[in-house]
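Trainee: Handing you a structure now.
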Amino acid sequence: MTFTDQYRSTEDLPGTIPVFPLAGAILLPRGQLPLNIFEPRYLKMVDDALRGERIIGMVQPDGDDAILASQMPDRSPPLCGVGCAGRVTSFAETGDGRVVITLTGISRFRTGNELTAMTPYRQFEVSWDEYADDLIAGFEQDAVSREKLLEILKEYLDTHGLQADWRAIRLSSNETLVNSLCTISPYGPREKQALLEAKTLEDRNQMLIALTEQALRELSPGDATVQ
């Protein structure tokens, strides 16, 4: 049993959470996201989370202007309406004042009202009910077109001269494979948000395949073999 298995229903999750706005970074249920924390406001957020429920919400800023504004401590730019919460499952301090944490994804959420908080980081009321199925490990993963994903992954890696641990890939569940590839994919904030908001795991898989096919076509428009 993992730490995130304790969340069996939406009632096990808090109604308000701290959020970490970060463009181009998404977390997905049971996926892992390493974070290097160095800004004072987010160091305080991590410290408070460790003293409390250990839950932090990852949310992307909504739009290019919001991405720029999110880097300024005195600004509160608009955020995307859907994020994913994770539990801090590893924590390490560095010698230069930073902390390195790993968030393990629990469930997506929809943001509600922002709290008028005294903390330097932002906190929101959130709703989990829309994504209650996220709490079920491997939900509908048998519907995933795994072979098609592996075909396009191999083509992408070969095209870029990259290697992969195919033994680990073969041993991965469909959920782990799709969500891990989405998290580390090189696509932009809008594409990452679309992957996050995909209704089902197979919807996310098909979107990832389509994005990768498009990337290959743009790389070699005259030679692309993707059908």
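Trainee: Can you tell me the order of 102-110, 123-131, 171-179 when each peptide is scored by its average per-residue count of other Cβ atoms within 10 angstrom, highest first?
Mentor: 102-110, 171-179, 123-131
Trainee: While we're looking at this one, here's another question. Defining a contact as two alpha carbons under 8 Å apart and six or more residues distant in sequence, what relative contact order in percent does the range 141-219 show?
Mentor: Normalised by residue count, the contact order of the range 141-219 is 47 percent.
Trainee: By its C-alpha gyration tensor, with a ≥ b ≥ c as the square roots of the eigenvalues, how is the range 100-156 shaped: rounded for a/c under 1.5, else prolate for a/b larger than b/c, else oblate?
Mentor: Prolate shape, in that a/c is at least 1.5 and a/b is the bigger ratio.
Trainee: Which lysines have a Cα lying under 26 Å from the Cα of Lys199, excluding residues fewer than 8 positions away in the same chain?
Mentor: Lys148, Lys154
Trainee: List, in order, the whole-Hz ³J(HN,Hα) value for each residue of the range 189-203 obtained from phi through the Karplus relation with A = 6.51, B = -1.76, C = 1.60 and θ = phi - 60°; use x for Gly and Pro.
Mentor: With the stated coefficients, the range 189-203 comes to x, 5, 5, 4, 5, 4, 5, 4, 7, 3, 5, 10, 4, 5, 4 Hz.
Trainee: In nm², what is the average projected area of the convex hull enclosing the Cα atoms of the chain?
Mentor: The Cα convex hull of the chain, projected and averaged over all directions, gives 13.8 nm².
Trainee: Sticking with this one: Per residue of the range 143-153, what does 6.51 cos²θ - 1.76 cosθ + 1.60 with θ = phi - 60° give for ³J(HN,Hα)? Whole Hz please, x for Gly and Pro, Karplus curve as stated.
Mentor: Couplings: 7, 6, 7, 5, 5, 5, 4, 5, 4, 6, 5 Hz.
Trainee: Once you have a ≥ b ≥ c as the square roots of the Cα gyration tensor eigenvalues for the range 3-135, tell me rounded if a/c is under 1.5, and otherwise prolate or oblate according to whether a/b is larger than b/c.
Mentor: Oblate is the answer for the range 3-135, as a/c is 1.5 or above yet b/c matches or exceeds a/b.
Trainee: Taking square-rooted eigenvalues a ≥ b ≥ c of the alpha carbon gyration tensor, is the range 94-221 rounded, prolate or oblate, where a/c under 1.5 means rounded and, failing that, a/b exceeding b/c means prolate?
Mentor: It comes out prolate by the Cα gyration axes.
Trainee: Determine which aspartates and glutamates satisfy two conditions relative to Lys44: a Cα distance under 15 Å, and not lying fewer than 8 residues away in the same chain.
Mentor: Counting by Cα, and skipping residues close in sequence, Lys44 has these aspartates and glutamates nearby: Glu53, Glu93.
Trainee: 222 nm [θ] for the chain, helices only, -39500 (n - 2.57) per DSSP H run of 4+, per residue, to 500?
Mentor: -10500 deg cm²/dmol
Trainee: I would also like to ask the following. Given an 8 Å cut-off on Cα distances and at least 6 residues of separation, report the relative contact order of the chain as a percent.
Mentor: That works out to 23 percent.
Since every read-out is calculated from the coordinates, none of them should be taken as a lab result. Predicted, not measured: the structure shown is a model, and the values here were computed from it. All Cβ positions, even for glycine, are placed from backbone atoms using ideal geometry, and neighbour counts span all protein chains on display.
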